[in-house]
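Below: the structure, in structure tokens.
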Amino acid sequence: MTRVAVVGGGISGLAAAHRLRTLLGPDTAITVLEQRDRLGGVLRTVDLAGAPFDVGAEAFLVRRPEMLDLLDELGLSSSLTHPTPATATIRAGGRTVRLPRGTLMGVPGRGAELDGVLSAAGLAAVAAEPSTPLKWEPGGDIALGGLLRERFGPEVVDRIADPLLGGVYAGRVDTLGLRATVPALAAALDAGASSVSDAATAGMRSGGQPGGTLAAGKRDEAAPPAGPVFGAVRGGYREVVAALVAASAATVRTATTVRALERRATGWRLVLGPVPDPEILDVDAVVLAVPAPALRRLLEPVVPAAAAAAARIDLASSAVVALAYRPSEVPAPPVTSGCLVAADEPLSVKGVTHASTKWAHLGEDGLIRLRASVGRFGEEANLQIDDGELVARVRADLAELDGIEAAPVASYVQRWGGGLPQYGVGHTGTVAALESAIAAEPGLAVAGSLLHGVGLPACVGTARAAAERVAAAVPTTR
């Protein structure tokens, strides 16, 4: 019997198991091994005041096909839902204004509408950028924040680009690499754009998105394309997790630590469980769908070059605070889809989603549901408080942003320790080195958000590619 192990029970691992079942047939033994006591990874649905509410990934980009195809394969297409027409705002300079038009993930294009967000000096810096000589080395990579500060000044970074990309990566734009996070901008610069403004304009025309990510479901509104941009699952992503487990027909083992990966004469050996009482699992192939630190640890003895590449990928921690209110206690219910918060604002939250306004099904019972995001890369100390204090800080910010001072009827705190990989300078080269080293190992593949995008479609894409790679290397049991 052909045996395949999938290490990691998040969306990438489960999607890989599902694809393996499709490729290898019903007689293959597929085992999913997850260290935590639950499946889903950064997908988590909880009951918030009687409604299923996602406190991890919120939305996915429907302009990429992978999640739509997966929902169709799982029979969940009827559960797909899209945001309402409500628009987003941004808190900058002590004011809450509409999210600026005419930017590529916060990078101003020609004619960007930035009034109300930038000061007079900031607007003048943006206006002067196209006439400032640009030095760009095609194929190069630099920190996006450094480039924007040099070209536009600090306000564009702190008030626009950082909030937008911080919502995707839980990171700071000063440490994120241009090529991996806004590839359309890099491509336009490589093609000879004479300014960053012109490159952003070209990127918007090409429909460029940051690595197919947008995990937080935020977008700038330069020229909204026809049709929905984002989607979600009406009953929460727990429906996707359950459907993947059922369709994969895999043996699922939670609360199981994979301590070591060893190469055999044919196939691979996994060492499971505690050191005093190890368990051996021999398989023909392995898909590793785990965060970068775990990937480095498992690969170091067998594929050191890949392990070294994984070691260069940092992780950010964050938290989501979900709250529900009675409408009678909120004098002015939110009418926007949410608010991003500039990095230089004196607030704890980096963004608030007015979930029951943004997603119609979350307000069908009349309750007002919100979710706030807290925490950026390098700011882990701000999360080292108990849940009660975290909720109190979010409530204080909601009073400032939305005028909501009532006590919530329900709340939930979800902490994501090391939840999102950081796409730093040179990330594309790091991933290329990792994948090149893995390519030399038959029956071994890697999937997950550390590779080609942190959004759900990108994760599913890496999962399918990993499954197809190992399926081609093992004896079929069809």
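Some points to look at:
- Taking amide H atoms as placed 1.01 Å from N in the peptide plane, the amide H of Ala88 lies under 5 Å from those of Leu99, Ser337, each 5 or more residues away in sequence or on another chain.
- Gain on full extension, evaluated as 0.36 nm per residue between Thr84 and Ala472 minus their Cα-Cα distance, stands at 135.4 nm.
- Read-out mean projected area of the Cα convex hull in nm², derived from the coordinates shown; its label in (i) 22.3; (ii) 24.7; (iii) 33.0: (i)
- If you plug the beta carbon distance of Ser194 and Arg95 into 1/(1 + (r/R0)^6) with R0 = 35 Å, you get a FRET efficiency near 0.60.
- Spin-label model, Arg234/Asp282: points 7 Å from Cα along the beta carbon direction are separated by 5.0 nm.
- By average C-beta atoms within 10 angstrom, highest first, the peptides 41-47, 421-427: 421-427, 41-47
- Proximity of backbone amide H atoms, modeled 1.01 Å from N, is registered between Gly418 and Ser317, Ser318 at under 5 Å, excluding neighbours fewer than 5 places apart on the same chain.
- Extension gain from Ala406 to Asp365, taking 0.36 nm per residue of separation minus the Cα-Cα distance: 12.9 nm
- Computed P(r) (all Cα pairs; the stretch 77-142; 10 Å bins; percent): 16, 36, 25, 17, 6, 0
- Additional length obtainable on full extension of the chain from Glu137 to Glu441, 0.36 nm per residue less Cα span: 106.0 nm
- Across the chain, Cα pairs under 8 Å and at least six residues apart give a relative contact order of 25 percent.
- 222 nm mean residue ellipticity, helices alone, for the chain (DSSP H n ≥ 4; -39,500 (n - 2.57); rounded to 500): -9000 deg cm²/dmol
- R0 of 56 Å, Cβ-Cβ distance Ala308-Glu113: FRET efficiency to nearest 0.05: 0.80
Here, each number is a calculation from the coordinates, and none is a lab measurement. Since the structure is predicted, the reported quantities are computational estimates derived from the model, not experimental observations. Don't worry about glycine lacking a Cβ; one is built from the backbone with ideal geometry, like all the others, and counts go over all protein chains shown.
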